Each structure stands twice: as structure tokens, then as C-alpha cells.
Amino acid sequence: MRNFGKVWVVLIVVLVVLLLFGIGIFKWYINGYNKAVGLDEAAKTAWSNVDTVLQRRLDLIPNLIETVKGYAKHEKELFENLAKSREKYFQAKSIAGKIEASNQLSGLLSRLLLLKEAYPELKANQNFLALQDSLEGTENRIAVARKRYNEAAKQLNAYTRQFFGSFFCRKAGVERVEYFEASEQAKEVPKVKF
């Protein structure tokens, strides 16, 4: 009879250990899954912030073009390329497509702003100067938002490559995201030909 009681005690201890182990595994799974979801949401939020300031820049472009057009009528190709690049951004379906369009737009905007060197009367135009100041402020906001997005992307991408992180990311449907890096074209100093 005493052996029967010992068996029950051992059985209860084993069940408690298995239950605690199961609870530990469950908590580990939930934490890993939630981390994947949290990193994904952080990257999406950071991209949304980038998208917002890029939208602000895109909204400034038509006014800037109209101001410059009056002084630089023979720069039609530049104006058309700016319009196409702006349209390309709105049509992009992915972050990578928007990054590419934004980088192309950055190079064209640099060329547009350099036109003031060739047209001294443009330098004196108050509307142009105000738009240029707004654009410079927006470019600073883009740089900050891009840095924050890239940091969120780095954390997410690192987690997707970790041993257990990749498992949780697959379970949560979380995928790697593209970094927002300047293209080689955007890194070059623009050349304006007259």
C-alpha cells in the first residue's frame, strides 16, 4: 500500500514538471511570436513616417516646378522627368518601388535646385526661396525618418535571420524588409548642362 502512495507522488511530480515545462514552452512561443509581430509593426510604422514626409516633398514639387518654369522654360525635359518620377512613386506597389522612385526624384530635385545658379533672377524670387526652404526642411525630415526606418528594418531583418527568430517570423507571416539606402545616382553630385 505504501508503494502505491509513492507511485502517486512520483506521478504527480512528473505531471507538475511536464505541466511547468509545457507552460514554459508556451510562454517562449508566445513571446517569440509577439516579438516578430512587434518588430514587423515597428518597421511598418517607421515606413509610414517615411512615406508621410516623402508625400510632403511630392506635394511641394508642383509649386516648385511652376515657380521655376517661368525662368527656365527650356528645362522642359527636367520638368517632365520630375513629373514622371513623382507619378512613379504614387504607382509603386512596394516599399522597394517607392524607395527607387524616391531616389530618382532626389537626383532630379538636386538638378532643379541648381538651376538658380544659372538664373540669377530665380535666386531673388521670394516664392522660390520659400519653397526651397520648405523643401530643405522636408529633406531633413526625410533623413531622420529614413534613419529610423532603417533602424527598425535592421532589427526586424536581424530577427528574421536568427535561429528561432526565423521560425517565429514564418509562423507570424513576417518577412524581411528593404533598407532605404540612397542609390548610386542619388549619391552623385548633379550636373546641370546649359
*Any idea which residue in region 46-68 is nearest to Ala172 (Cα to Cα), counting only those that are open to solvent by 80 Å² or more (accessible area, probe 1.4 Å) and either touching a helix residue (DSSP H, G or I) at 6+ places or on another chain (Cβ under 8 Å) or of a type in the set (A, V, I, L, M) (or both)?*
Asn49
_Could you go through region 83-90 and let me know if any residue there is closer than 28 Å to Ala145 by Cα and assigned to a loop (DSSP other than H, G, I, E, B)._
no
*Residues (within 26 Å of the chain's Cα centre (by Cα) and open to solvent by 90 Å² or more (accessible area, probe 1.4 Å)) located in region 12-40*: Asn31, Lys35
*asked:* Considering only residues that are assigned to a loop (DSSP other than H, G, I, E, B) and either modelled with pLDDT of 65 or more or surrounded by 14 or more Cβ atoms within 10 Å (Cβ to Cβ) (or both), which ones fall in region 176-191?
replied: Arg176, Val177, Glu178, Tyr179, Phe180, Glu181, Ala182, Ser183, Pro190
*Do you know which residues across region 69-101 are within 12 Å of the chain's Cα centre (by Cα), of a type in the set (A, V, I, L, M, F, W, C) and open to solvent by 20 Å² or more (accessible area, probe 1.4 Å)?*
Ile95, Ala96
*Scan region 136-175 for residues that are in a helix (DSSP H, G or I), open to solvent by less than 60 Å² (accessible area, probe 1.4 Å), more than 17 Å from Thr52 (Cβ to Cβ) and not small (Gly, Ala, Ser) and jot them down.*
Leu156, Asn157, Tyr159, Thr160, Phe168, Cys169
*Can you pull out the residues in region 103-135 that are assigned to a helix (DSSP H, G or I), among the aliphatic types (A, V, I, L, M) and open to solvent by 30 Å² or more (accessible area, probe 1.4 Å)?*
Leu113, Leu114, Ala118, Leu129, Ala130
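The values are calculated or read from the model by the stated rules, or taken from the named source; none is laboratory data. Keep in mind the model is a prediction, meaning the values are calculated, not measured. With ideal geometry, Cβ positions are generated from the backbone for all residues, glycine too; neighbour counts draw on all protein chains shown. The protein model used for the area step is the full one, side chains on, heavy atoms only, and it has no ligands, DNA or RNA in it. Shrake-Rupley method; radii C 1.70, N 1.55, O 1.52, S 1.80 Å.
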